[in-house]
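Take a look at the structure below.
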Amino acid sequence: MPLKIKSMKSINLFSLLIFTTLSVFLFNGCTKEAGEGGTSTITGKVLVYDFDASFQTVVDTYPLVDEDVYIIYGDDNSTYNDNYKTSYDGTFEFKFLQKGKYKLFAYSKDSTGAAAGNLNSNSPKIAKFAEVEITSNGSVVTSPTIIVLDNNY
C-alpha cells in the first residue's frame with residue numbers, strides 16, 4: 001500500500017503554528033523582572049549629616065560606616081529583598097542585577113520626631129530612599145547619595 005504524503009500547504013501551516021508557539025514562549029515566557037540573576041551593578045554612597053542635639057546645626061559630615069543599605073526589586077514591592085553593609089568610606093554595591101527599577105534605603109534619625117508623634121521624641125528612625133533604574137545589561141549604575149541624619153553632639 002503506498003504512503004500518502006500530506007500536501008505542502010498542510011506541512012507549511014503546521015510548521016508556522018509550531019514556530020509561532022515557540023516564539024511566543026521564548027520571547028514572552030522568559031521575560032525577567034528586576035532582581036538577581038543579571039550582569040549589572042548598582043553602586044552608591046551613604047553620608048551622615050551629624051547635627052547638634054536639637055537638630056538645628058550640622059556639626060559634622062562623614063561616611064556612614066558598617067551600616068545596612070537595603071534594596072527593593074521593582075516598583076510593586078515594599079519589603080526589602082537584600083541588604084549590604086557599607087564600607088569604611090560609606091560605599092555600597094549590589095551586584096548581578098537585571099534590568100529594572102530599584103529602590104535603595106538606609107535608616108536615619110527623624111529630625112522632626114514625626115514618626116513617634118512628638119517633636120524630636122527620642123529621634124525615631126525613618127527610611128531615606130534613593131531610586132535607580134538599570135536600562136541595559138552589563139551596566140554599572142550609580143545611585144544618588146543617600147543622606148542620613150544623626151545627632152551625636
Legend entry - In segment 28-51, residue surrounded by the fewest Cβ atoms within 10 Å (Cβ to Cβ) [restricted to those that are under 11 Å from the mean Cα position of the chain (by Cα) and at pLDDT 95 or above]: Thr43
Legend entry - Neighbours by Cβ (under 8 Å, 6+ apart or cross-chain): first from segment 124-144, surrounded by 14 or more Cβ atoms within 10 Å (Cβ to Cβ); second assigned to a strand (DSSP E or B) and acidic (Asp, Glu): Val141/Glu133
Inset, instruction - All but one of (1) crowded, with 16+ Cβ neighbours inside 10 Å; (2) under 21 Å from Pro144 (Cβ atoms) hold for Val58, so report the exception by its number. - result: (1)
Legend entry - In segment 91-113, residue surrounded by the fewest Cβ atoms within 10 Å (Cβ to Cβ) [restricted to those that are among the basic types (Lys, Arg), under 11 Å from the mean Cα position of the chain (by Cα) and in a strand (DSSP E or B)]: Lys95
Inset, instruction - Can you run down the residue pairs with Cβ atoms below 7 Å, 6 or more apart or on separate chains, where the first is in segment 68-90 and under 13 Å from Tyr102 (Cα atoms) and without any contact (Cβ under 8 Å) to a residue 40 or more places away in the chain and the partner is of a type in the set (Asp, Glu) and surrounded by 13 or more Cβ atoms within 10 Å (Cβ to Cβ)? - result: Ile71/Asp82; Asn83/Asp68
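Quick one: in segment 39-53, of everything that is of a type outside the set (A, V, I, L, M, F, W, C) and outside any loop (DSSP other than H, G, I, E, B), which residue is farthest from Thr86 (Cα to Cα)?
Filtering first and then ranking leaves Thr39.
The values are calculated or read from the model by the stated rules, or taken from the named source; none is laboratory data. The model shown is predicted, which means the values in this text are computed figures rather than measured ones. Positions of Cβ are backbone-derived with ideal geometry, glycine not excepted, and every protein chain shown enters the neighbour counts.
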